[in-house]
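Values in this text are rule-based calculations from the coordinates and carry no lab data. None of the values given here were measured: they were computed from a predicted structure. All Cβ positions, glycine included, derive from the backbone under ideal geometry; neighbour counts span all protein chains shown.
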C-alpha cells in the first residue's frame, strides 16, 4: 500500500543538502519516504546490504553512489572510494564480496586523463581486494548537469558461514569496538575541497575491510557467534552509527571518550575548524558489537591486521532508552545526538 | 606541548573543581556567572562542565553567538538581495539555516538562488574576481574576532578597484552588550569573558566595565581547565571583595590586544547603534562602514523590497540570549523548535544556546 503525506514531506517543499548529510534529515527521508514506498522485508531492515536467498544460496546485495568533491583527495579518490565502500557494505553484513557493477555519470568536459586515473584506481583497488567489476554503464550529460563525475557501484557476495548479524542480536552488556582512528576521511576531504591551506598529514582512511572482518568473524567461542552486529561509520561518522544502533534497539550506549582513537592531526585540525571528529566520515572503519566475554579476543584479532592496529574497545551497550552517552576525557557525562546537517567550520 | 591534552587533563580538572568546591563551601548565596561567547556555551556543554560545579554556582549563557543576535530583518534583507538577478550571496555556513520571517537562505538556495557558503571574506573577493558580471554580496556578521578579516577584505577590494563586491553589515562589538546586561534585571556576580574576541580587543577593553560596575571579570580559554580556572578566579575575586579584570587565557590574550587588527577595524568601520535580536537597540554596539567605503555597502547600493519582519511565534530566543530563561523554559524547545525545524536562531546556530542544550544535555 502506498502512503501519502509522510512526516518529512510535511515540513519542507524541496530537498536540501541536509537531506544528504547522513544525519537526522537523511534518516527521516529514508524512513518516511523510501522505506514507506519500497516496503518489503529486505529493505525494511535498512541494513548496509540486503540479504536474499536464491536457490539455497545466501547472497548479500548492496548499492551506493559516490559524489565526493574533490575527485582526488589525500589517501584516495572517488574510484577507490566507490569500490571500497561497496566492499565494506557487504563485508559488515558477513559476506565475502565477489562482484561489483560500476555505473558512471560523467559531466561533459571532464578531462580524460582524470577519468583514466579514476578507472585505473578502481581497477587496482578491486584487484588488490580480490573482487571483480563485471558490468557497468556510462552516461555523459551536458556541462552543468552533473558535478564532473558521479559513480554508482552495486555489489554482491556470498554469506560467510552461518553468522547471523543484525541489531536484533544486540544485548545489554555487549561491548563496542572500532578498528582505528576516527574522522580522517571527512577531515581530509574537507581540507582538500575547501582549499583550507592547512598543512597536515591527514589522509583518508579509505580501505577495503573484508579481510579484517573475515578474521573477526572467525573469532569463535564455544561455537557461539560472538559478533552481533557491524557497521561502517561513513557519512555522519561514528556518532551517527552509535545513535542509529541506540535508536533502533532502544538500548543506551555508553562510550568512553578516552578510549576513542583520534589521531593528533585530526584532533588539532578539528579544534581549529570547530568540526567534531566523532561526526566526521570514515571510509576504512568498522564498528563491531560483540559479546562481552569475547571483546578481548576480538580486539586481539583486529590488532593483528594492518587495518586494525589502533583498534580499541570504546564502549558498551546498556539497558536504557535509546540514547548515547559519552564519558568525557574529564570524567563528566554528556549526550551524543544525531546531527541535522553537515558540519561547517566555525565562524569565530 | 600539544595545547589540547594538557588543558583537558582529568587530574588537573579535578583539582581545580575541588578548589572551587572548597571556595564555595561556606557561601550561602548563589553566585551567578555569565559567559558571552558561543564557543564557551558549546565548550561548557561539550565537556559537561556544569556537572563539576558546586550547586551554588549558576552558569548563564549570554548573547555571545553572532548569528543568534542578528535580527530577523537582516535575514529577510539578505533573502531579498538573493532574489536579485545576477546576484551571488556569500555567507558563513551558520547563517544559511537561520529562519527569517517567512523563509531562509537554505530554502532560497534550494529554490535556485545563488547562495554560496564561504569560510572567509577573502573567498568573497575571489568570487568577485571570477564573476565580473555578477554582484557578490557578503553577509558580514560576527564579533571582533571576525571583523578584522572582513575589514582587511574590504581594504583589499578597494585597492583592487573591485566594483562588484559589497557587504551587508551587521557586525557587533561585545563591551556595550555587557553594559546593557548589567543595566538590566539580571543580577550577575561575574563575567566569563570571550577568549577569541579578547585576542583582538585586549583585556584593557573591559576595564571601564569592571571599574563602573565593580564586577569580577575573567577572560577565559576554551578547554576545561581554562573554564573552571576562570570560574574559580571569579569566585575568589567575589569572595575577596576586589573585582578586577584578569586574563586566564594568557597564552593567547594580552592586555593591549592586537593593535594591527584594531587599526584595520577603525580604518574601515565606525560605531553605530545596533539592534540585537531579543534585546533591542544597544547604543554604539554595532559597526557600519565609514563613508569612504560606502561603495561597498550593499544596503546603500541596492534597493530591494524587504518583507515585514515577523518573529517566530512563541520564540523566546531574546530571553534566552539575555540569560533570563534557559532553553527548556521555552514551550517550543524540542517540540516545534528543533535543529531540523528551527524557529529561532538560538537553535540553528552551531554556537546557539538552544542548540548546545539540545545536542549535549542529558
Cα gyration tensor of region B:53-127 - equivalent ellipsoid semi-axes, whole Å, descending: 31, 15, 10
Cα centroid separation, region B:200-256 to region B:17-37 (Å): 15 Å
For labels at residue A:41 and residue A:256 in the simple 7 Å Cα→Cβ model, what's the distance in nm? 4.1 nm
Debye intensity ratio I(q)/I(0), log10, region B:2-80, q values 0.15 Å⁻¹ (C-alpha model): -0.69
In a Gaussian network model of chain A with springs linking alpha carbons closer than 10 Å, the residue among A:139, A:327, A:318 that fluctuates most is A:139
Region B:1-136: mean projected area of Cα convex hull, nm²: 12.3 nm²
Expressed as a whole number of Å, what is the distance separating the alpha-carbon centroids of region B:295-333 and region A:53-85? 44 Å
Approximate spin-label separation residue A:169-residue B:244, in nm, with each point projected 7 Å along Cα-to-Cβ: 6.4 nm
Report Rg/Rh for region B:99-245, rounded to two decimals, where Rg is the Cα radius of gyration and Rh the Kirkwood radius. 1.11
Could you run the Debye sum over the Cα atoms of region B:207-362, one equal point scatterer each and no solvent, and tell me log10 of I(q)/I(0) at q = 0.13, 0.14 Å⁻¹, two decimals? -0.98, -1.10
Over all directions, region A:76-148 yields a Cα convex hull whose mean projected area in nm² is 5.1 nm²
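Largest first and in whole Å, what are the equivalent-ellipsoid semi-axes of region A:145-224 based on the Cα gyration tensor, each being the root of 5 times an eigenvalue?
35, 19, 12
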Long-range tail of P(r) for region A:231-348 (Cα pairs > 19 Å, %): 50 percent
Pick from A:230, A:93, A:190 the residue whose mean-square fluctuation is largest in a GNM of chain A, springs joining Cα atoms under 10 Å. A:190
Could you list, bin by bin from short to long, the percent of Cα-Cα pairs of region A:184-274 in 5 Å steps? 2, 10, 16, 18, 18, 16, 10, 5, 3, 1, 0
How large are Rg and Dmax for chain B when only the alpha carbon atoms are used, in Å? 20.8, 69
Between region B:116-155 and region A:299-348, what is the C-alpha centre distance in whole Å? 36 Å
Which value, to two decimals, describes the C-alpha radius of gyration of the protein assembly as shown once divided by 2.2 N^0.38 Å? 1.00
Using only the alpha carbon atoms of chain A, find the Kirkwood hydrodynamic radius as the inverse mean reciprocal pair distance, in angstroms to one decimal. 20.9 Å
Pseudo-spin-label distance residue B:116 to residue B:32, built 7 Å along Cα→Cβ, given in nm, is 4.7 nm
Test of understanding: in a Gaussian network model of chain B with alpha carbons linked when under 10 Å, which of B:320, B:57, B:141 would top the mean-square fluctuation ranking? B:57
Alpha-carbon gyration tensor eigenvalues x 5, square-rooted, for region A:20-84, Å: 27, 20, 7
